[in-house]
1. For the chain, what is the relative contact order in percent, using Cα pairs closer than 8 Å and at least 6 residues apart in sequence?
2. Restricting to DSSP H runs of at least four residues, report the calculated mean residue ellipticity at 222 nm for the chain, -39500 (n - 2.57) per run over all residues, nearest 500 deg cm²/dmol.
3. For the stretch 36-117, what does the convex hull of the Cα positions come to per residue, in cubic angstrom?
4. Using a Gaussian network for the chain with springs between C-alpha atoms less than 10 Å apart, which of these wobbles most: HIS193, HIS103, HIS85?
5. Please work out the Cα convex hull volume for the chain and give it in Å³ per residue.
6. Would you work out which of SER183, PRO27, LEU129 lies farthest towards the positive end of the dipole of the chain? Charges go on Cβ: Lys and Arg +1, Asp and Glu -1.
7. Dipole size in debye (nearest 20) for the stretch 36-117 around its Cα centre, Lys and Arg Cβ +1, Asp and Glu Cβ -1?
8. Take the chain, connect every pair of alpha-carbon atoms lying under 10 Å apart with a spring to form a Gaussian network, then pick out the residue of ALA134, ALA166, ALA226 with the largest mean-square fluctuation.
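Read-outs throughout are calculated quantities, based only on the coordinates presented, and are distinct from any laboratory measurement. As the structure is a prediction and not an experimental result, all values here were calculated from the model. Neighbour counts are summed over all protein chains in view; Cβ atoms, including those assigned to glycine, are modelled from backbone coordinates with ideal geometry.
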Amino acid sequence: MCADPQLFDMLDWDDPRTSRSLLKFSPESILRKSAYAFLFEWFRRDLRKNPEAWLETERCNALCSDFKFYGVAIPPFSTYCRCRHIQEPEDEDDALEAWTLDHESAFLELFRYYSKEAEHILFLNRHFLLSFHASLAEFLRTSAGKKQIPALPIPRVTIPRWVKRAIYFRDSGRCVFCNTDLSGLLDIESDEHYDHIVALASGGVNDPTNIQLACRRCNLKKYKKAASNFFYPEWWKDKAAEPERSSGRLEARSVSSRALVARRR
Ligand SMILES: [Zn+2]
């Protein structure tokens, strides 16, 4: 989803709220907005390119069951065809497009649910977030001055309490780089820092999905770089697994965005 920075062109940059959300922390994250734009654009294009695939009973039923699951009101495609007296299979392509256009608000609502779900899953994955925000930074760097795209660097603002709480719980109250406990229970000298995964100086944005928890020492060491750590605490012990995730190895797992790009090639 974020290999090509130009994918961010799909966002609605004519809407001033898109730019504003990069300057000041918004509950509707840029990750959610992007997931919505990418998913909806992919659906719109695929529907035009492969209408026969969407007419397959299995896929059409899956789409209708998603509407039902999320409680979005829309007549099933089969009912819509019956009401419009569509009987010939060759007329179904046009009917499918008409069904989506006639119920555009229902489709938009469905894609809002999809994008919230994508945000929920991807917010947990700092590996993905580093890659996502490095691509966004590249897009902003190359698109400065176009439409209402904000100029870099984006000014620092106070990180709201609701963002800090979400990050603290996601990162389990520990520095993502060295695993130091920052709860204050084990170390009263601990000092939690809320760090931009892609630093503002490197094209990062003020978005909840671009923040991570770090100790003072690691935050100062990282400075203006784009970096995170892909160590995740285990939810349960797997005795058969190799004992490789010791805290001594955490530093080695820290990967800068440059290394990440090199790894992708
Ligand atoms: Zn640390």
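1. Numbers: 324 pairs, mean separation 56.9, N = 265.
21 percent.
2. Values: 11 runs with 127 residues, N = 265.
The helix contribution divided over the chain gives -14500 deg cm²/dmol.
3. Working: hull volume 7.0 nm³, N = 82.
Output value, Cα hull per residue: 85 Å³.
4. HIS85
5. Values: hull volume 46.4 nm³, N = 265.
Residue-normalised Cα hull volume stands at 175 Å³.
6. My answer, from the dipole projection, is SER183.
7. Working: 10 positive and 17 negative charges, 84 e Å.
Result for the stretch 36-117 is approximately 400 debye, rounded to the nearest 20.
8. Fluctuation is largest for ALA166.
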